[in-house]
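Some notes on the structure that comes next.
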Amino acid sequence: MTIDLNATDPPLIKKNILIVDDHPFIIEGYKNAITRYNPHQYEFLISQAHDCKSGYELIEDDQIPDFDIAFLDISMPAYEEKDIFSGEDLARLILKKMPTCKVILLTMYTELLKIKTIIRTISPNGLIIKNDLTFDELLFALDKVMKNDKYYSQSVQKIINQSPHNSIEIDEFDKQILFHLSKGTAVEDMPQYIPISLNAIERRRASLKELLKVRSGSDEELVKEAKSKGLL
(Lines give C-alpha, C1' and ligand atoms only; values in the text may rest on other atoms or scores of the structure.)
Protein backbone atom coordinates (compact mmCIF):
# COMPACT_ATOMS: atom_id res chain seq x y z
CA MET A 1 0.00 0.00 0.00
CA THR A 2 1.28 3.43 -0.89
CA ILE A 3 0.51 6.63 0.92
CA ASP A 4 0.15 9.83 -1.03
CA LEU A 5 1.95 12.37 1.13
CA ASN A 6 0.68 15.15 -1.10
CA ALA A 7 -2.98 14.30 -0.52
CA THR A 8 -4.97 17.12 1.02
CA ASP A 9 -8.10 17.11 3.10
CA PRO A 10 -11.30 17.94 1.20
CA PRO A 11 -12.30 21.59 1.45
CA LEU A 12 -14.55 22.54 4.31
CA ILE A 13 -18.25 22.92 3.57
CA LYS A 14 -19.31 26.48 4.34
CA LYS A 15 -22.60 27.08 6.14
CA ASN A 16 -24.05 30.51 6.77
CA ILE A 17 -25.64 30.78 10.20
CA LEU A 18 -27.89 33.48 11.65
CA ILE A 19 -28.33 33.86 15.42
CA VAL A 20 -30.85 36.38 16.77
CA ASP A 21 -31.19 36.68 20.55
CA ASP A 22 -31.37 39.65 22.87
CA HIS A 23 -29.01 38.06 25.41
CA PRO A 24 -25.34 38.40 24.34
CA PHE A 25 -24.12 35.60 26.60
CA ILE A 26 -26.61 33.20 24.99
CA ILE A 27 -25.36 34.17 21.54
CA GLU A 28 -21.81 33.37 22.66
CA GLY A 29 -22.99 29.99 23.94
CA TYR A 30 -24.59 29.22 20.58
CA LYS A 31 -21.45 30.23 18.72
CA ASN A 32 -19.27 28.12 21.00
CA ALA A 33 -21.39 25.04 20.37
CA ILE A 34 -21.85 25.58 16.63
CA THR A 35 -18.15 26.04 15.89
CA ARG A 36 -17.39 22.74 17.62
CA TYR A 37 -19.71 20.76 15.37
CA ASN A 38 -17.65 18.62 12.96
CA PRO A 39 -14.88 21.24 12.57
CA HIS A 40 -13.02 19.03 10.06
CA GLN A 41 -16.03 19.00 7.74
CA TYR A 42 -17.74 22.38 8.15
CA GLU A 43 -16.85 26.04 8.36
CA PHE A 44 -19.60 28.11 9.95
CA LEU A 45 -19.92 31.75 8.98
CA ILE A 46 -21.98 33.29 11.76
CA SER A 47 -24.00 36.52 11.62
CA GLN A 48 -25.61 37.72 14.84
CA ALA A 49 -28.31 40.19 15.82
CA HIS A 50 -29.78 41.23 19.17
CA ASP A 51 -33.35 42.25 18.36
CA CYS A 52 -36.01 42.12 15.65
CA LYS A 53 -34.71 45.25 13.91
CA SER A 54 -31.10 44.10 13.55
CA GLY A 55 -32.31 40.61 12.61
CA TYR A 56 -34.57 42.07 9.92
CA GLU A 57 -31.71 44.14 8.51
CA LEU A 58 -29.45 41.08 8.20
CA ILE A 59 -32.17 39.04 6.50
CA GLU A 60 -32.95 41.85 4.05
CA ASP A 61 -29.29 42.65 3.30
CA ASP A 62 -28.70 41.49 -0.27
CA GLN A 63 -24.94 41.65 0.30
CA ILE A 64 -25.17 38.73 2.73
CA PRO A 65 -25.56 35.22 1.23
CA ASP A 66 -28.72 33.32 2.13
CA PHE A 67 -28.59 31.66 5.52
CA ASP A 68 -28.50 27.87 5.78
CA ILE A 69 -29.63 27.74 9.42
CA ALA A 70 -31.23 30.40 11.62
CA PHE A 71 -31.39 30.24 15.43
CA LEU A 72 -34.14 32.61 16.55
CA ASP A 73 -35.30 33.55 20.03
CA ILE A 74 -39.06 34.06 19.98
CA SER A 75 -39.31 36.89 22.53
CA MET A 76 -37.27 39.94 21.54
CA PRO A 77 -37.65 43.72 21.23
CA ALA A 78 -39.98 44.40 18.29
CA TYR A 79 -39.40 46.30 15.05
CA GLU A 80 -42.84 47.86 14.79
CA GLU A 81 -42.09 49.91 11.68
CA LYS A 82 -41.88 46.65 9.70
CA ASP A 83 -44.50 44.71 11.71
CA ILE A 84 -41.84 42.38 13.10
CA PHE A 85 -42.84 41.67 16.67
CA SER A 86 -41.07 38.41 17.49
CA GLY A 87 -38.77 35.65 16.35
CA GLU A 88 -41.84 34.03 14.80
CA ASP A 89 -42.22 37.01 12.46
CA LEU A 90 -38.51 36.81 11.58
CA ALA A 91 -38.96 33.10 10.86
CA ARG A 92 -41.82 33.85 8.45
CA LEU A 93 -39.69 36.47 6.73
CA ILE A 94 -36.75 34.08 6.39
CA LEU A 95 -38.90 31.27 5.02
CA LYS A 96 -40.40 33.64 2.46
CA LYS A 97 -37.06 35.12 1.39
CA MET A 98 -34.84 32.03 1.91
CA PRO A 99 -37.12 28.96 1.65
CA THR A 100 -34.27 26.47 2.01
CA CYS A 101 -33.09 27.95 5.33
CA LYS A 102 -33.61 25.66 8.31
CA VAL A 103 -35.16 27.48 11.26
CA ILE A 104 -34.55 26.57 14.90
CA LEU A 105 -36.75 28.49 17.35
CA LEU A 106 -35.96 28.88 21.04
CA THR A 107 -38.50 29.99 23.60
CA MET A 108 -39.41 30.26 27.25
CA TYR A 109 -43.08 29.61 26.39
CA THR A 110 -44.55 26.38 27.74
CA GLU A 111 -48.24 27.05 26.96
CA LEU A 112 -49.74 24.17 24.98
CA LEU A 113 -51.60 26.44 22.57
CA LYS A 114 -48.56 28.64 21.97
CA ILE A 115 -46.34 25.65 21.16
CA LYS A 116 -48.97 24.10 18.88
CA THR A 117 -49.50 27.44 17.13
CA ILE A 118 -45.76 27.79 16.44
CA ILE A 119 -45.60 24.27 15.02
CA ARG A 120 -48.75 24.74 12.92
CA THR A 121 -47.92 28.17 11.49
CA ILE A 122 -44.15 27.95 11.08
CA SER A 123 -43.28 24.24 11.19
CA PRO A 124 -39.73 24.96 12.37
CA ASN A 125 -36.96 22.45 11.82
CA GLY A 126 -36.16 22.75 15.50
CA LEU A 127 -38.07 23.97 18.55
CA ILE A 128 -36.38 24.12 21.94
CA ILE A 129 -37.68 25.26 25.32
CA LYS A 130 -34.85 27.33 26.78
CA ASN A 131 -35.05 25.49 30.11
CA ASP A 132 -33.99 22.35 28.18
CA LEU A 133 -31.03 24.09 26.59
CA THR A 134 -27.56 22.79 27.35
CA PHE A 135 -24.37 22.66 25.30
CA ASP A 136 -25.04 19.02 24.39
CA GLU A 137 -28.72 19.70 23.64
CA LEU A 138 -27.79 22.44 21.18
CA LEU A 139 -25.23 20.21 19.45
CA PHE A 140 -27.77 17.38 19.24
CA ALA A 141 -30.39 19.73 17.76
CA LEU A 142 -27.88 21.09 15.23
CA ASP A 143 -26.86 17.55 14.25
CA LYS A 144 -30.49 16.53 13.68
CA VAL A 145 -31.26 19.60 11.60
CA MET A 146 -28.06 19.28 9.57
CA LYS A 147 -29.20 15.76 8.70
CA ASN A 148 -32.60 17.08 7.55
CA ASP A 149 -34.47 15.76 10.59
CA LYS A 150 -36.72 17.81 12.85
CA TYR A 151 -35.78 18.29 16.47
CA TYR A 152 -38.21 19.16 19.26
CA SER A 153 -36.76 19.25 22.77
CA GLN A 154 -38.06 16.98 25.50
CA SER A 155 -40.33 19.61 27.03
CA VAL A 156 -41.82 20.44 23.62
CA GLN A 157 -42.63 16.78 23.05
CA LYS A 158 -44.30 16.54 26.46
CA ILE A 159 -46.36 19.67 25.78
CA ILE A 160 -47.64 18.58 22.36
CA ASN A 161 -48.53 15.16 23.74
CA GLN A 162 -50.88 16.70 26.29
CA SER A 163 -54.52 15.70 25.88
CA PRO A 164 -56.48 17.79 23.34
CA HIS A 165 -59.00 19.00 25.94
CA ASN A 166 -56.30 21.29 27.34
CA SER A 167 -56.17 23.18 24.04
CA ILE A 168 -58.16 26.30 23.19
CA GLU A 169 -59.64 26.60 19.72
CA ILE A 170 -61.17 29.79 18.26
CA ASP A 171 -62.49 30.53 14.78
CA GLU A 172 -61.42 33.08 12.18
CA PHE A 173 -63.89 35.76 13.31
CA ASP A 174 -62.55 35.55 16.87
CA LYS A 175 -59.01 35.87 15.55
CA GLN A 176 -59.97 38.96 13.55
CA ILE A 177 -61.57 40.52 16.64
CA LEU A 178 -58.41 39.90 18.67
CA PHE A 179 -56.26 41.28 15.86
CA HIS A 180 -58.24 44.52 15.62
CA LEU A 181 -58.31 44.92 19.41
CA SER A 182 -54.52 44.57 19.41
CA LYS A 183 -54.30 47.33 16.77
CA GLY A 184 -56.54 49.64 18.81
CA THR A 185 -59.54 49.48 16.48
CA ALA A 186 -62.71 50.63 18.25
CA VAL A 187 -65.27 47.84 18.63
CA GLU A 188 -67.99 49.92 16.95
CA ASP A 189 -65.75 50.28 13.88
CA MET A 190 -65.00 46.57 13.53
CA PRO A 191 -67.98 45.73 11.26
CA GLN A 192 -66.12 47.71 8.59
CA TYR A 193 -63.43 45.00 8.65
CA ILE A 194 -65.23 41.87 9.91
CA PRO A 195 -68.35 40.68 8.03
CA ILE A 196 -70.56 40.15 11.08
CA SER A 197 -72.81 42.50 13.05
CA LEU A 198 -71.69 44.73 15.91
CA ASN A 199 -73.84 42.71 18.33
CA ALA A 200 -72.15 39.50 17.19
CA ILE A 201 -68.72 41.08 17.66
CA GLU A 202 -69.59 42.24 21.17
CA ARG A 203 -70.90 38.77 22.10
CA ARG A 204 -67.77 37.14 20.76
CA ARG A 205 -65.54 39.59 22.63
CA ALA A 206 -67.37 38.77 25.88
CA SER A 207 -67.02 35.03 25.18
CA LEU A 208 -63.30 35.40 24.52
CA LYS A 209 -62.84 37.14 27.87
CA GLU A 210 -64.66 34.29 29.58
CA LEU A 211 -62.74 31.64 27.65
CA LEU A 212 -59.37 33.23 28.48
CA LYS A 213 -60.37 33.98 32.08
CA VAL A 214 -59.79 37.72 31.79
CA ARG A 215 -60.69 38.82 35.29
CA SER A 216 -60.33 42.58 34.80
CA GLY A 217 -62.66 42.57 31.81
CA SER A 218 -60.43 45.01 29.92
CA ASP A 219 -59.61 44.67 26.23
CA GLU A 220 -55.93 45.28 27.03
CA GLU A 221 -55.88 42.25 29.34
CA LEU A 222 -57.71 40.18 26.73
CA VAL A 223 -55.07 41.02 24.12
CA LYS A 224 -52.28 40.23 26.60
CA GLU A 225 -53.80 36.82 27.42
CA ALA A 226 -54.39 36.06 23.75
CA LYS A 227 -50.75 36.78 22.94
CA SER A 228 -49.50 34.64 25.83
CA LYS A 229 -51.50 31.69 24.51
CA GLY A 230 -50.43 32.07 20.91
CA LEU A 231 -53.75 33.36 19.60
CA LEU A 232 -52.14 36.54 18.27
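The values are calculated or read from the model by the stated rules, or taken from the named source; none is laboratory data. Because the structure is predicted, anything quoted here is derived from the model rather than measured. Backbone-built Cβ (ideal geometry, glycine too); neighbour counts: all protein chains shown. Side chains are part of the model used for accessible areas, which takes the heavy atoms of the whole protein and leaves out ligands, DNA and RNA. Shrake-Rupley method; radii C 1.70, N 1.55, O 1.52, S 1.80 Å.
Each Cα pair of segment 20-81 feeds into the Kirkwood radius, which the Stokes-Einstein equation turns, at 20 °C and 1.002 mPa s, into a diffusion coefficient of 169 µm²/s.
I need the per residue convex hull volume for segment 1-133, using only the alpha carbons, in cubic angstrom as a whole number.
In segment 1-133, the Cα convex hull volume per residue is 146 Å³.
Residue-wise HN-Hα couplings along segment 48-57, as the Karplus relation 6.51 cos²θ - 1.76 cosθ + 1.60 with θ = phi - 60° gives them from phi, are 10, 9, 10, 7, 5, 5, 5, x, 4, 5 Hz; Gly and Pro carry x. Rounded to 0.05, the FRET efficiency of the GLU202 and ARG92 pair, given R0 = 45 Å and the Cβ-Cβ distance, is 0.90. Taking all protein chains in place and a 1.4 Å probe, what share, in percent, of the accessible surface of segment 53-127 do carbon and sulfur account for? Here carbon and sulfur together make up 47 percent of the probe-accessible area. In the calculated pair-distance distribution of the chain, the portion above 23 angstrom amounts to 56 percent of the Cα-Cα pairs.
A simple spin-label model places pseudo-atoms 7 Å from Cα toward Cβ; at GLU43 and ILE26 they are separated by 3.0 nm.
The sum of -39500 (n - 2.57) across all DSSP H runs of n ≥ 4, divided by the residue count of the chain, sets its helix-only mean residue ellipticity at 222 nm to -12500 deg cm²/dmol. Rolling a 1.4 Å probe over the protein heavy atoms gives segment 1-156 an accessible area of 54 Å² per residue. Each label point was placed 7 Å from the Cα along the Cα-to-Cβ direction; for LYS224 and GLN154 their separation is 3.4 nm.
Computed from the Kirkwood radius of its Cα pairs, the Stokes-Einstein diffusion coefficient for segment 5-46 at 10 °C and 1.306 mPa s stands at 135 µm²/s. Across segment 111-126, rounded Karplus estimates of 3J(HN,Hα) from the backbone phi angles (6.51 cos²θ - 1.76 cosθ + 1.60, θ = phi - 60°) give 5, 3, 5, 4, 4, 5, 5, 4, 5, 5, 8, 10, 6, x, 5, x Hz, Gly and Pro being marked x. Put simply, when 178-188, 117-127 are sorted by average Cβ atoms within 10 angstrom per residue, most first, you get 117-127, 178-188.
Quick one: pull the percent of accessible area on segment 163-232 belonging to carbon and sulfur, 1.4 Å probe, ligands and nucleic acids left out.
About 49 percent, which is the carbon plus sulfur part of the accessible surface.
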